[in-house]
Amino acid sequence: MSYSPISAGECVSTGAKAHVLFGRMLDDNDFWALLECDSPQEIAGYLKRTEGYAKYLEAVMAATVHRAELEHALLAVPLYAVASFLPYYGGARKRFLRAWVERFQAGLLKQVMRWLFAGRGERESLRSGYEGLPFVTLPFEALISCKDFEEFIKTLRGTKYYAVLREPVDWLLKGRGNLYSCETAIDAYVISNIYRSALSLPMLERPEVLNLLGSMVDVLNVYFCYRAKRFYAMSREEIVNRLLPVRFKVKGPTINRFASCDDMEAFWSVLSTTNYLRAFGTEPPNDELALERDMKRFLRERALSTFRKGSPSFHTVIAYLMLLEFEVRDIITIIEDVRYDYNRRIAAAFLTRPLIPGGALSWR
């Protein structure tokens, strides 16, 4: 039996808190207003006037903020949201939230690896991404001082990522591997820990959380199979060995069918037998950006459905955190669109939040 350190009433209260915070998220009018901004500074000024972001952007000087500084501040918002819930929980729930939030640190670690692999970029930009953030335990200051991957892996010794990256980095150093293998090793470790921690949640809370996580795991595995077949001509064995080491509804036999497909028509035929055809569309895509958007929209819909389901509880909190992350990512997408003066009508159609019914490229 899973240990439950807080009462059912306290679980309801944290779920109710998630509902309050959800009410402070941006609405469609806010997103349209952000799309009409002319600069990242104008976006910062707008967000500082909203209830949901004002306190997180207090230190940001809207008139002079650099695009990277604003994006780093926004990426920290879900971290602080998790931190606001963590004191209420113990046992399996706290372990789950800590596993959940580890994705952010893993993302920072991958950024450092990309910077080191490319051999260019500014240390100060990387430093601003992790300084002052909660839940950061890796020695990032030492990592961004490394000259090569040999020094990088030695610096990780004694951390939980050393065993994860030792082999793929060794292959990279020998010229027989690539950075993608390192990143997939990190993803497999982090997402597997989240999924396994969900299995230890109290019985009544477990199904809804697992449905959310399971959908994410399945979509990521199917998407990897798709990319491996369409762009890399990988063998069935290579594909299966690189997938996330956890399964939800898309299990071994179906995975093997995906990995054995000879073309995209066969791939979509297998996809039609799963619960995820809507996440990828009814036929192979002509636009990869549209495919990624549809996947994110599918997961956002799942999170929204879970958030609204039943009485407020732990699953409500997790669904809210997922929705907040999608919102932050959409804001960052808008910042990039504004920065490069991208066509706003087209930009609106590629947000995770479906602002335009049916995806039609029309303005308000």
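The values are calculated or read from the model by the stated rules, or taken from the named source; none is laboratory data. Note that the structure is predicted; figures quoted are calculated from it, not measured. Using ideal geometry, Cβ is built from the backbone for each residue, glycine included, and neighbour counts are taken over all protein chains shown. For the accessible areas, the whole protein counts, side chains as well, though only heavy atoms, and no ligand, DNA or RNA atoms are used. Shrake-Rupley method; radii C 1.70, N 1.55, O 1.52, S 1.80 Å.
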Report, in cubic angstrom per residue, the convex hull volume of the C-alpha atoms of the range 256-334.
116
Sorting check: for 282-294, 92-104, 252-264, 314-326, which peptide has the highest mean count of neighbouring beta carbons within 10 Å, and how do the rest follow?
314-326, 92-104, 252-264, 282-294
State the dimensionless ratio Rg/Rh of the range 94-193 (Rg: radius of gyration of Cα atoms; Rh: Kirkwood radius).
0.94
One point scatterer per Cα, no solvent, Debye formula: log10 I(q)/I(0) for the range 31-94 at q = 0.26 Å⁻¹ comes out as -1.12
One quarter of the convex hull surface, Cα atoms only: what value does that give for the chain in nm²?
19.0
Using only Cα atoms, locate the centre of the range 298-327 and the centre of the range 216-241, then give the distance between them in Å, rounded to an integer.
27
Using the Cα atoms of the range 186-266 to build a convex hull, what is its mean projected area in square nanometres?
5.5
Would you work out the charge dipole size for the chain about its Cα centre, treating the Cβ of every Lys and Arg as +1 and the Cβ of every Asp and Glu as -1, and quote it to the nearest 20 debye?
1060
Protein accessible area in the chain, 1.4 Å probe - carbon and sulfur %:
51
In square nanometres, what is the average projected area of the Cα convex hull of the range 138-251?
8.7
Indicate the helices, whole DSSP H runs only, in the chain that combine a mean Kyte-Doolittle hydropathy of -0.5 or more with a Cα extent along their long axis of 15 angstrom or more.
8-22, 91-118, 160-173, 179-198, 206-231, 314-339
Label the range 1-146 by shape, choosing from rounded, prolate and oblate, from the square roots a ≥ b ≥ c of the eigenvalues of the Cα gyration tensor; if a/c is under 1.5 it is rounded, and otherwise prolate applies when a/b is larger than b/c, oblate when it is not.
oblate
For every helix of n ≥ 4 consecutive DSSP H residues, a contribution of -39,500 (n - 2.57) applies; sum these over the chain, divide by its total residues, and give [θ] at 222 nm rounded to the nearest 500 deg cm²/dmol.
-20000 deg cm²/dmol
Note to self: with every protein chain in place and a 1.4 Å probe, the chain gives an accessible area per residue in Å² of 48
